[in-house]
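Report on one structure; see the data block that follows.
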Amino acid sequence: MLFSTGDLTSSLPLAIQMFFQLYFLTDVARLSPASAGWILGISRAWDAINDPLVGFLSDRIRSKHGRRRVLLLYGSVPLGVLFALNWLVPPFSENFLVVYYTTIIIAFDTAFTVVHVGYNSLTPGMTQDYDERSSLNGYRMGFSLGGTLGAIIFASLLDEFLDSESVRFALIGVTLGIITIIPPWVVMAVAKESDTSNAKSNLSVRESLVSTLRNRAFLFLMAIYLLSWTAASILAAMLVYLARYYFLVPEQANYFVLVAEGSAIAFLPVTVWMSKKTDKQTAYIAGIAFWCIVLGTIAALDRQSIGWAYCLSALCGPGIATALVIPWAMVPDIIEDDQLRTGERREGTFYSLVAFFQKLGTGLALWFIGQALAATGYLTPTEAMPVPTQPEPVINAIRIIIGPITIALLCVSLPIAWFYPIDRETHHRQLEALNSGSPD
């Protein structure tokens, strides 16, 4: 349970970025949607270098703290400080603001990767059991969603006392930045690394990357994860725009997010139970298929159906829980599959690539939304008009993005999940082979 608190540091900042970063850049910092999209796109390009490099180096670290826990030790404070700097609005021109946010987000992403890889690479050593890994990730995602829910409640309370959105976001950044520093120290106290934690890898950078990308199960999982996480990122970002500009209830924007996140927390045990009763692939397919139906219904609502919008936001819970729990529960199984192939445990390499795909999914979603809003004539808020009436093409874009486009991404992931090659029986055979010292 205490180990799972580490997900507050790993997942809470990313979730807040998913829900609010694009909105913050367009409606609080008042950048054009195109500029906001490019800021996020450039930072994702840096991740293509940063994430694999951190993973490769972490597999080769030798220290008295181990090769994973040392990343938590030195990465947590920079992560918290840089997260807070994400949410300030310096008195610069738009061009200088673009440079500022690009620089801060790149630095934050680097610190995030260091902590993310360190924490997640400890997960496979917590248990080797196929079903217990689903339970462990259920607890982790419970802390993740619970932390996000608490942050949104905090933001909603600030709405009642502070009129300035820039001040509200600055307080949110500082408060959550401080909170994210604490869990890695808790994890360091309770998590022990395996006996191979200081083992030196014999693979070069090229050999490590090629071996990873030749792992068929890993490629299947990353396709599933990229598609589902991109869809989740789109939904998270668009809920605020949907409330403000389609349903015309800007004061209720956070409430839609609260309902969706609260429902996801409630459905976490159901997702874990289903994965134990069937297997991870079946649980994923069921949860995502249901989510597609709900998203299609949301996109079809008329502007007066605000009550139905809340109901459908709640029904997004099973899909969100599935997208969060199941792919993460599959990663440790793949690490053992790779160990059979290479003779090495390379948690750092795998989790760094998972971090890359996670941030790539968020970045692609926010970049795409930014470009789509700009292309359809999005009106950036001003002091005189903080909630402008958006032109009809913008409204249509919001509905199409949250409906058909998101559904298409999720539907593509379903056949990939169906053919995912590691089920419960396969994993048991792999563990037996590892324990016997045989690759067969």
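The values are calculated or read from the model by the stated rules, or taken from the named source; none is laboratory data. Being a predicted model, the structure only gives us computed values, none of them experimental. Ideal geometry is used to build each Cβ from the backbone, glycine not excepted, and the neighbour counts take in all protein chains shown.
Has segment 257-265 got any residue that is in a loop (DSSP other than H, G, I, E, B) and surrounded by fewer than 23 Cβ atoms within 10 Å (Cβ to Cβ)?
Checking segment 257-265: not a single residue is in a loop (DSSP other than H, G, I, E, B) and surrounded by fewer than 23 Cβ atoms within 10 Å (Cβ to Cβ).
Cβ-Cβ below 9 Å, separation at least six or inter-chain, first residue in segment 210-225 and closer than 15 Å to residue 352 by Cα, second modelled with pLDDT of 90 or more and hydroxyl-bearing (Ser, Thr, Tyr): which pairs?
221/420; 225/413
Go through segment 337-350 and give me each residue that's part of a helix (DSSP H, G or I) and farther than 11 Å from residue 218 by Cα.
Hits for segment 337-350 are 339, 340, 341, 342, 347, 348, 349.
Identify the residue in segment 43-68 that is at pLDDT 75 or above and over 16 Å from residue 212 (Cα atoms) and, among all such residues, is surrounded by the fewest Cβ atoms within 10 Å (Cβ to Cβ).
Among those residues, the one meeting the criterion is 45.
How many residues does segment 359-378 contain that are surrounded by fewer than 19 Cβ atoms within 10 Å (Cβ to Cβ) and among the polar types (S, T, N, Q)?
2
From 240, 331, which residue is in contact with a helix residue (DSSP H, G or I) (Cβ under 7 Å, 6 or more places away or on another chain) and under 21 Å from residue 152 (Cα atoms)? Reasoning before the result, please.
Numbers: 331 fails: under 21 Å from residue 152 (Cα atoms).
Criteria check complete, one pass: 240.
Would you pick out the residues in segment 275-292 that are of a type in the set (A, V, I, L, M, F, W, C) and surrounded by fewer than 23 Cβ atoms within 10 Å (Cβ to Cβ)?
Those that are of a type in the set (A, V, I, L, M, F, W, C) and surrounded by fewer than 23 Cβ atoms within 10 Å (Cβ to Cβ): 285, 286, 289, 290, 292.
Among (1) closer than 22 Å to residue 419 by Cβ; (2) out of contact with any helix residue (DSSP H, G or I) (no Cβ under 7 Å at 6 or more places or on another chain), there is one condition residue 276 misses while meeting the rest; what is its number?
Of everything listed in (1) closer than 22 Å to residue 419 by Cβ; (2) out of contact with any helix residue (DSSP H, G or I) (no Cβ under 7 Å at 6 or more places or on another chain), residue 276 misses just condition (2).
Pick from segment 273-294 the residues that are assigned to a helix (DSSP H, G or I), more than 19 Å from the chain's Cα centre (by Cα) and of a type in the set (Val, Ile, Thr): which of them is farthest from residue 231 (Cα to Cα)?
282
Name every residue in segment 80-127 that is touching a Gly at 6+ places or on another chain (Cβ under 9 Å), under 19 Å from residue 360 (Cβ atoms), modelled with pLDDT of 85 or more and hydrophobic (A, V, I, L, M, F, W, C), in order of residue number.
Within segment 80-127, 111, 112, 114, 115 meet the criteria.
Can you tell me which condition residue 359 does not meet? The list is (1) modelled with pLDDT under 80; (2) assigned to a helix (DSSP H, G or I); (3) farther than 25 Å from residue 14 by Cβ, and all the others hold.
Going through (1) modelled with pLDDT under 80; (2) assigned to a helix (DSSP H, G or I); (3) farther than 25 Å from residue 14 by Cβ one by one, residue 359 breaks only (3).
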